1. Tell me which residues, restricted to the stretch 101-131, are aliphatic (A, V, I, L, M), without any contact (Cβ under 8 Å) to a residue 60 or more places away in the chain and buried (at least 24 other Cβ atoms within 10 Å of the Cβ).
2. I need the full set of residues from the stretch 329-365 which are under 26 Å from G66 (Cβ atoms), more than 14 Å from the chain's Cα centre (by Cα) and of a type outside the set (K, R), in order please.
3. Of (1) touching a Leu at 6+ places or on another chain (Cβ under 7 Å); (2) within 14 Å of G271 (Cα to Cα); (3) open to solvent by 20 Å² or more (accessible area, probe 1.4 Å), I319 satisfies all except one. Which?
4. For I136, indicate whether it is crowded, with 19+ Cβ neighbours inside 10 Å and out of contact with any Gly (no Cβ under 9 Å at 6 or more places or on another chain).
5. Just to be sure I understand the filter: pairs with C-beta atoms under 8 Å, separated by 6 or more residues or on different chains, first member in the stretch 57-71 and open to solvent by less than 70 Å² (accessible area, probe 1.4 Å), second member at pLDDT 95 or above and of a type in the set (S, T, N, Q). Which pairs pass?
6. Report the residue count in the stretch 46-75 for those that are outside any loop (DSSP other than H, G, I, E, B), among the hydrophobic types (A, V, I, L, M, F, W, C) and at pLDDT below 95.
7. Within the stretch 90-100, how many residues are crowded, with 19+ Cβ neighbours inside 10 Å and in contact with a helix residue (DSSP H, G or I) (Cβ under 7 Å, 6 or more places away or on another chain)?
8. Quick one: N236 ticks every box in (1) open to solvent by 10 Å² or more (accessible area, probe 1.4 Å); (2) in contact with a helix residue (DSSP H, G or I) (Cβ under 9 Å, 6 or more places away or on another chain); (3) not acidic (D, E) except a single one, so which number is it?
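The values are calculated or read from the model by the stated rules, or taken from the named source; none is laboratory data. Predicted model, so just to flag it, every value in this text is computed and none were measured. Here Cβ is always computed from backbone atoms with ideal geometry, including for glycine, and neighbour counts include all displayed protein chains. Accessible surface is based on the protein model in full, side chains and every heavy atom, while ligands, DNA and RNA are left aside. Shrake-Rupley method; radii C 1.70, N 1.55, O 1.52, S 1.80 Å.
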Amino acid sequence: MGFFGVGATASSGSANPSAPLTAGTAPVATVVSAVDTAPVATPTHPSSPIPVQGLPLGAAVRVPLGETGVTVFPLILGGAEFGWHVDLAAAHRILDAYRDRGGNALNTSDGYSAGRSEHIIGEWITRRGARDDVVIGVRVGTNPDHPGLGPVNLIRAVEASLTRLQTDRIDVLYLDATSDGQTTLEDTLATAEWLVEAGKVRALGAFGYSASQLVEARILASAGYPRISALDVHHNLLRREEFDGDLRLVAGAQNIAVTPSQALEHGYLAGAHRSRADMADSVRGSQLAAAMNRRGTRTLRAMDKIGAELSIPTSAVAIAWLLAQRTVVAPIVNVYAESHVDELMQGVGAKLSRAQLAELAKASQ
């Protein structure tokens with residue numbers, strides 16, 4: 001069971017059509033036992049959902065990702081669980097479900113399952129012929145084979161990611177500052193400049209950078225280095241201190257597109273896990289248990305109430321709250337099953353009122 005606590009709905013088998021009458025024979029009334037009777041296809045009920053014809057509805061929903069030059073669906077599908085809790089076949093079903101509903105932005109890292117996540121996404125892109133239809137964001141710096149953001153390792157990391165993804169370019173390269181405390185920002189951007197000029201990277205993003213480092217990066221950009229146009233930061237209803245404050249102000253002033261990860265706080269804000277007794281003795285269990293306190297309980301109750309008012313799942317309320325924040329363009333969310341894609345995408349179309357936003361802010365204090 002994934003962190004949503006919701007399994008994928010099993011599909012029903014299709015009925016076999018009954019054999020037609022042979023030409024030239026008249027129908028004869030006969031009595032046939034139930035065992036010998038072939039299953040009869042049930043006619044579609046008039047009130048059943050109408051299948052979507054042509055492009056999915058979500059294909060028309062696109063927003064600019066800051067100054068990166070690309071437009072994305074306002075919900076980015078993360079690949080952190082691919083190759084870890086989700087195997088290749090299940091991951092491809094999730095990717096298909098996301099694309100079928102209009103999604104076009106994927107995010108992964110060279111450190112997720114030691115590159116296995118990139119390999120799974122690369123296989124899917126190649127099999128579906130979808131490279132020109134999706135925007136790929138990759139965070140580099142944590143792969144054990146070439147860690148950090150030094151010139152040599154950064155180039156090797158990008159080349160290795162391109163090989164696993166089976167592509168010739170990365171749309172947004174997120175530089176992970178937490179992986180390297182020695183390489184100067186100027187040296188990193190100088191290497192990134194070569195990658196951009198070589199056509200291997202289209203735009204730059206940042207992860208783990210402080211407000212002062214983003215200011216320094218903008219000063220260097222005025223001298224000709226590539227600009228940082230996107231920011232990945234852990235941010236959700238229960239984790240706001242890391243982004244609120246100077247980092248938010250700098251991101252807004254520089255028109256940096258914020259793509260927050262951990263949108264569901266390790267799955268707790270999906271509302272499926274509410275008791276410590278249900279937690280397994282694992283890394284995921286300890287992460288979920290850390291959010292199970294009075295503040296977390298108050299927040300979930302408020303989210304449940306608002307979800308009922310809007311007729312959307314609790315997890316979709318978490319997405320709607322993020323999209324209501326200034327500078328946030330598209331949250332990054334990792335899922336376990338196809339059904340989670342349906343749940344989360346409902347948050348894109350939901351609009352929270354000022355009263356609902358105030359209620360969530362009060363509950364999560």
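1. Taking the stretch 101-131 as the starting set, the residues that turn out to be aliphatic (A, V, I, L, M) are 105-106, 114, 120-121, 125, 130.
From the residues that got through so far, the ones that are without any contact (Cβ under 8 Å) to a residue 60 or more places away in the chain too are 106, 114, 120-121, 125, 130.
Across the stretch 101-131, the qualifying residues are L106, I120, I121.
2. G349, A350, L352, L357, L360, A361
3. So the condition that I319 fails would be (3).
4. Values: crowded, with 19+ Cβ neighbours inside 10 Å: yes; out of contact with any Gly (no Cβ under 9 Å at 6 or more places or on another chain): yes.
When the stated conditions are applied, I136 passes them.
5. Pairs found: A59/N104; V63/T71; L65/T71; L65/S229; L65/T259; G66/S229; G66/N255; T68/S229.
6. Kept after step one, since they are outside any loop (DSSP other than H, G, I, E, B), are these residues of the stretch 46-75: 57-60, 63-64, 71-72.
Among the residues that remain, those that are also among the hydrophobic types (A, V, I, L, M, F, W, C) are: 57, 59-60, 63, 72.
Those still in the list that are at pLDDT below 95 too: 57, 59-60.
So the count comes out to 3.
7. Initially, the stretch 90-100 is screened for residues crowded, with 19+ Cβ neighbours inside 10 Å, giving 91, 94-95, 97-99.
Adding the requirement that they be in contact with a helix residue (DSSP H, G or I) (Cβ under 7 Å, 6 or more places away or on another chain) leaves 91, 94-95, 97-98.
The total comes to 5.
8. (1)
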